[in-house]
Amino acid sequence: MRAKTYAEPQHACCTGTLDNCKACKEKHNCLMLREQLAFYNRLGVSQIDDNTDADTLTNIKYLWQDSTRTKKYDPSWNYAEDNTRGYTHPIHPYPAMMIPQVAGRLIDLYAKPKAVVLDPFCGSGSVLLEAFIRGYDSYGIDINPLSLLISKVKTTPINYKQLQNGLENILEKVSTTKKINNPAFFNIDFWFKPRVVSKLASLRAAIDLIRDKKIRDFFKVVFSFTARVSSNTRNGEFKLYRIDEEKLNDFNPPVIEIFKARAEQNINAMAELWEEFKEKEAQVNILNEDTRYRTSIKDGVVNIVVTSPPYGDSKTTVAYGQFSRLSLQWLGFNGQSLDTDNRSLGGRLNINNLHLGYSSPNLRYSVDLISRIDKKRARDVMAFYIDLNKCFVELNRVTKRGGFLCMVVGNRTVKGIQLPTDEIVADFGEHVGFRHIETIIRKIPNKRMPSKNSPTNKTGVLGATMTEEYIVIMERIK
Ligand SMILES: C[S@@+](CC[C@H](N)C(=O)[O-])C[C@H]1O[C@@H](n2cnc3c(N)ncnc32)[C@H](O)[C@@H]1O
């Protein structure tokens, strides 16, 4: 059965659900409801009401097909065969890293001379390094202390000869020091074998003796990698899963060798950066702040934002906090610093009303569809986007008029409904004063993403994650 045809609304009047409007108490006369129904009409789907079955709902996957925004797939953005590990880019793994080619090309396309670049979700600092090597000043914001440490080290050229000396000193200290007190953080024995704990403790103590902060931080990054690889966590997972009990018996990581090999690798990477860019004077400002709120960046100082926000709440997508927790505990962080997942977008917001009169029709439609299958999941989705929307207010404040916002997003699927995040962020941007220019679609051959996620949110039920991402480009006009 085709949907009933309703008149196109002239404007949205109030907040409402498809069934009845909370504000005007109207059923089909509420303009916002009519807008929503008109949307379903355009999709050509059957009348949607409380009796519509999940299969029908999940068949409505491609909400963005309704879009009139300029959007194209451009294979020249795939970089499937390119080396993504130049300079200090590969010093430490991080979930969902942006490849340097994408960050660099966006900066080359939209940054004018003397531009200031911002990445408000800077992660491991890929955008900041690409800005730095081009000589642009930049700001990077993140709530995860591990991200800030990696970003800082990645963008700070250090004379590699000093690093070679530093490594020799560390290895000597480790081999000569007799006994170091082991740290005692929560569950340390669950995640590390006793022999590993004592080796890591001696490395950590030797690093602490380094006086120069830049060099000390460099080795903290190497240490973080070593702790991660030597822990009882399963390989290739961003979340914390312990190695199976029977495999754990045979797991004996050579901690000092891992540290040494990684340090040498990172020193070589740093040598490349040092040789080419030791004279670069571009400033990299790394801020331990929260992009949802007013940051310390002054009004209108940013000319170009290049960023990839989290894909969704950390419970069901990438858990940056879990990924970083063991490293951070070893590095002495505690309390709120370990709480990245709750402080991440959508981490803590409790949404009671799913039908807020929100600045994105695409969000309303897709959350409405999900809520018909699973109200709780719909609330989680809404919480994430409400937080993301707050960030747009801040991005508009710090971006200069005529400046650009380039946001790389993925359209994940929840309960079988694809969320058109590229359209949603364009809606958010337009609402606060940006103009959409174009959206480029690229395939993601080499981005580190979990190969599967759990769209149903049931343990063990996996579905494919995204194979493409969207580069949404906007200009600040108001
Ligand atoms: C997709 S990752 C960025 C990856 C980065 N482009 C790279 O190449 O490594 C998203 C980042 O957003 C950060 N984040 C989440 N919520 C945030 C918030 N409210 N304010 C600032 N950063 C946040 C996470 O800690 C994570 O590092």
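A short reminder: the numbers here are calculations on the coordinates, not readings from a lab. This structure is a prediction, so every number in the text was calculated from the model and none was measured. Here the Cβ positions follow ideal geometry from the backbone for every residue, glycine too, while neighbour counts run over all protein chains shown.
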| request: Mind sorting Thr176, Thr295 by how few other Cβ atoms lie within 10 Å of their own Cβ, fewest first? | output: Thr176, Thr295
| Per-residue ³J(HN,Hα) for the stretch 96-110, Karplus 6.51 cos²θ - 1.76 cosθ + 1.60, θ = phi - 60°, Hz, x for Gly and Pro | 6, 5, 7, 6, x, 4, 5, 4, x, 5, 5, 5, 4, 6, 10
| message | Rounded, prolate or oblate for the stretch 281-377? Axes are the square roots of the Cα gyration tensor eigenvalues, ordered a ≥ b ≥ c, and the cut-off for rounded is a/c under 1.5. | response | oblate
| said: Can you tally the net charge around Tyr385? Count Lys and Arg as +1, Asp and Glu as -1, for every other residue whose Cβ sits under 14 Å from the Cβ of Tyr385. | reply: -1
| When the Cα centres of the stretch 269-326 and the stretch 372-407 are compared, how far apart do they sit, in Å? | 17
| Filter on Lys220/Lys247; Lys161/Lys400; Lys154/Lys298 - keep pairs with C-alpha separation over 31 Å | Lys161/Lys400
| Picking from Ala184, Leu148, Val174, whose Cα lies most toward the positive end of the charge dipole for the stretch 134-208 (charges on Cβ: Lys, Arg +1; Asp, Glu -1)? | Val174
| Using the 10 angstrom Cβ neighbour count as an exposure proxy, how do Phe277, Phe428 rank, fewest first? | Phe277, Phe428
| field | Listed peptides 196-204, 368-376 by packing density, highest first (mean Cβ within 10 Å) | value | 196-204, 368-376
| query | What is the sum of charges around Thr291, taking Lys and Arg as +1, Asp and Glu as -1, for the other residues whose C-beta is under 12 Å from the C-beta of Thr291? | reply | -1
| note | When Trp330, Trp77 are arranged by how many other beta-carbons sit within 10 Å of their Cβ, fewest first, they go Trp77, Trp330
| Which of the aspartates and glutamates could a cross-linker span from Lys443 if the Cα-Cα distance has to be under 18 Å and same-chain partners fewer than 8 positions apart are dropped? | Asp74, Glu81, Asp82, Asp422, Glu423, Glu468, Glu469
| query | For the stretch 156-277, what is the charge dipole size about the Cα centre, in debye to the nearest 20, if Lys and Arg each add +1 at the Cβ and Asp and Glu each add -1 at the Cβ? | reply | 480
| query | If you place +1 on the Cβ of every Lys and Arg and -1 on the Cβ of every Asp and Glu, how big does the dipole about the Cα centre of the stretch 61-129 come out, in debye to the nearest 20? | reply | 220
| note | For Gln283 and Val229, extending 7 Å from Cα along the Cα-Cβ vector and measuring point to point gives, in nm, a value of 3.7
| query | Dipole of the stretch 270-327, Cα-centred, from +1 at each Lys and Arg C-beta and -1 at each Asp and Glu C-beta, to the nearest 20 debye? | reply | 400
